[in-house]
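Trainee: Sharing a structure, written as structure tokens. Questions coming.
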Amino acid sequence: MKTQSSVDLLCVGIACYDLVFQVAHHPEPDEKTNAHGFIQCGGGTAANAAVAAARLGHRVAYAGYLGHDLYGQRHVDELEAEGIDTRLIVRGEMATSLSSIYVKPDGSRSIVNYKEPMILNPGAVNLDGWTAGAVLFDGHHMELSLAVADWAKERGIPTVIDADRVHAGSMALAEHMDYLVASERFARDFMDKDSPGEAVERLLDLAPHVVITLGERGLVWRTREDGGHFPAFRVTAIDTTGAGDAFHGAFAAGVAAGYAWTDLLAYASATGALCTTVTGARVGMPTKSELAQFLEKARGA
């Protein structure tokens, strides 16, 4: 008899480990500078989204790659401490992806990432006996992700893509998604010009629900029936690292939970906003109670 594994959200994509330095300014060429703060924690778009959703009380699994090295094991330990199901993680001898992140006092950041050319084939993860309320992809591990997208479609499971950048994986997956949630950078590169309003219309050719996040300017959205703008929640941003990942994790978890559209946008936007108020992608991701308090206060303002 097959073991049944049911989660609210399955996140498929990249995991890395983050070394975050707080700096007065981003270093110039040939400049050596000192950091006034430092933290280290797991990172990566899909893995961060998994943590965001788990913090909000959803049952989550993560599928991706981590090496049999120090950073890979630290990452697995962190995910399990968050209550995330790690049985779909592929471990190997290639190094875990590593990011060095430099954060200025205004919250802006520069990132240097190293990853080896790891390819997870369609059979790398066995989903026999699994079910999910929704699946979130980040465009990485394209061959595996396309196979999981087909698995989800066959079962009527909603699919969401975190379209952060235009690349082969994100473009191959986009037309298979129910929800295309894009960054402003993705929209600009897709259109070859800075016009989110035009991009949200064009991207509707790929997916029936489109959202383009615009940072402190909120977001624009479009479905086959309607469209509009949703404003950002006002917070004092300290570090924007991981805010998009938090947004996407909350958004996909909200899709799995069947939230009404406006409630879904508020849920995801508030989660992303709260993430910016603390240094470090995962450190600032809110819990279910913290988010509820924030939303209650925002509605009463």
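Trainee: How about segment 130-175: which of its residues are closer than 24 Å to His58 by Cβ, at pLDDT below 95 and surrounded by fewer than 19 Cβ atoms within 10 Å (Cβ to Cβ)?
Mentor: None; the set is empty.
Trainee: Hey, Thr213 hits all of (1) within 15 Å of Leu264 (Cβ to Cβ); (2) out of contact with any Leu (no Cβ under 8 Å at 6 or more places or on another chain) but one; which does it fall short on?
Mentor: (2)
Trainee: Exactly one of (1) assigned to a loop (DSSP other than H, G, I, E, B); (2) touching a Ser or Thr at 6+ places or on another chain (Cβ under 7 Å) is unmet by Gly72. Its number?
Mentor: (1)
Yes/no matrix, rows are residues, columns are (1) more than 23 Å from Met171 (Cα to Cα); (2) in contact with a Phe, Trp or Tyr (Cβ under 7 Å, 6 or more places away or on another chain); (3) among the basic types (Lys, Arg); (4) in contact (Cβ under 8 Å) with a residue 12 or more places away in the chain:
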site: Gly107; (1), (2), (3), (4): yes, no, no, yes
site: Val125; (1), (2), (3), (4): no, no, no, yes
site: Asp128; (1), (2), (3), (4): yes, no, no, yes
site: Leu136; (1), (2), (3), (4): no, no, no, yes
site: Ser145; (1), (2), (3), (4): no, yes, no, yes
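Trainee: Go through segment 253-282 and count every residue that is small (Gly, Ala, Ser) and closer than 18 Å to Cys11 by Cα.
Mentor: 8
Trainee: Is there a residue being surrounded by 23 or more Cβ atoms within 10 Å (Cβ to Cβ) and either within 23 Å of Thr279 (Cα to Cα) or β-branched (Val, Ile, Thr) (or both) anywhere in segment 102-119?
Mentor: So far as segment 102-119 goes, yes, one or more of its residues are surrounded by 23 or more Cβ atoms within 10 Å (Cβ to Cβ) and either within 23 Å of Thr279 (Cα to Cα) or β-branched (Val, Ile, Thr) (or both).
Trainee: Can I ask one more? Quick one: is Arg87 surrounded by fewer than 18 Cβ atoms within 10 Å (Cβ to Cβ), part of a loop (DSSP other than H, G, I, E, B) and touching a strand residue (DSSP E or B) at 6+ places or on another chain (Cβ under 8 Å)?
Mentor: Yes: the conditions hold for Arg87.
The values are calculated or read from the model by the stated rules, or taken from the named source; none is laboratory data. Everything quoted here is computed from the prediction, not taken from an experiment. When we count neighbours, we look across all protein chains shown, and the Cβ atoms used for this are built from the backbone with ideal geometry, even at glycine.
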